Amino acid sequence: MNKRIVTSGLLAMAMVPVMAQLLSGCVQSQPQPTTQAPPPPPPQPVVQSAPPPPPPQPTGPAVVQGTAMATGNGGAGSMVSPTWTATGYNGADWVSANMTTRARQFANGFVAVTDLVRGLMNERERRTVAATVVAGHCYRIIGVGGAGVRDLDLYLRDMSGRVIDQDRAPDNYPVIGLDRQLCIPAGMGNQPAQLEIVMFSGRGEVGVQVFGSP
């Protein structure tokens, strides 16, 4: 039997109760029998570890194609053309179908500034959303009503509540910036505004989208 292994095992067995008493604080020091230290183990061969793999090199950003000239997706950044369709376009969906028709009719050549925003409104209900118009551009704001919407109106106000432009015609597709150009001179800086949507008559889903000149 290997004497070194036996000696180490005996030392380990002797240390167990001693360590337990030390941890409990109840041991009194006693002389330990002298034992011959085992010879040191033979040196182990040095194994050269393989160098770590180099860190991955950063790659350049993916090239993102601009969407200003895209057609058919209808989202923000898409340019309206005779083939443009609103987001989620479906011929059986009144809101997306009507927005597609009115944007082609009233905002051809403009770029969608926002996505098509949709919501359900009751008769005489009013909703106001904050907006910012950027200097140096002209705008068209189009609203459309779905089934059951007879008269939908839009009002664009400044932050004091003064009406800048409006469409109160008795129809379900109001447009701001059509009869009178809604353009912000370049020297004015960006202007905060409020867009008020009014369900004057009827009830149903409505959609609003903002378009700007390129």
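Things to note:
- Estimated FRET transfer efficiency when R0 is 35 angstrom, pair Gln166-Thr83 (beta carbons, to 0.05): 0.70
- Per residue, the accessible area of the range 152-214 comes to 48 Å² when a 1.4 Å probe rolls over the protein heavy atoms.
- Relative contact order of the range 63-214, taken over Cα pairs closer than 8 Å and 6 or more residues apart, is 30 percent.
- Spin-label model distance (nm) - Gln194 vs Arg104, 7 Å beyond Cα toward Cβ: 3.7
- Its relative contact order, with pairs defined as Cα atoms under 8 Å and 6+ residues apart, puts the range 78-164 at 29 percent.
- Per-residue SASA entry for Glu205, accessible area with 1.4 Å probe, Å² rounded to 10: 70
- Using a Förster distance of 25 Å, the FRET efficiency for Ala130-Cys183 (Cβ separation, nearest 0.05): 0.80
- Gained length - Cys138 relative to Ala76, 0.36 nm times residue gap less alpha-carbon distance: 20.7 nm
The values are calculated or read from the model by the stated rules, or taken from the named source; none is laboratory data. Everything numeric here is computed off the predicted structure, so don't read it as measured data. Note that each Cβ is placed from the backbone with ideal geometry, even for glycine, and that neighbours are counted across all protein chains shown. When the accessible area is computed, the model is the full protein with side chains, heavy atoms only, and any ligands, DNA or RNA have been set aside. Shrake-Rupley method; radii C 1.70, N 1.55, O 1.52, S 1.80 Å.
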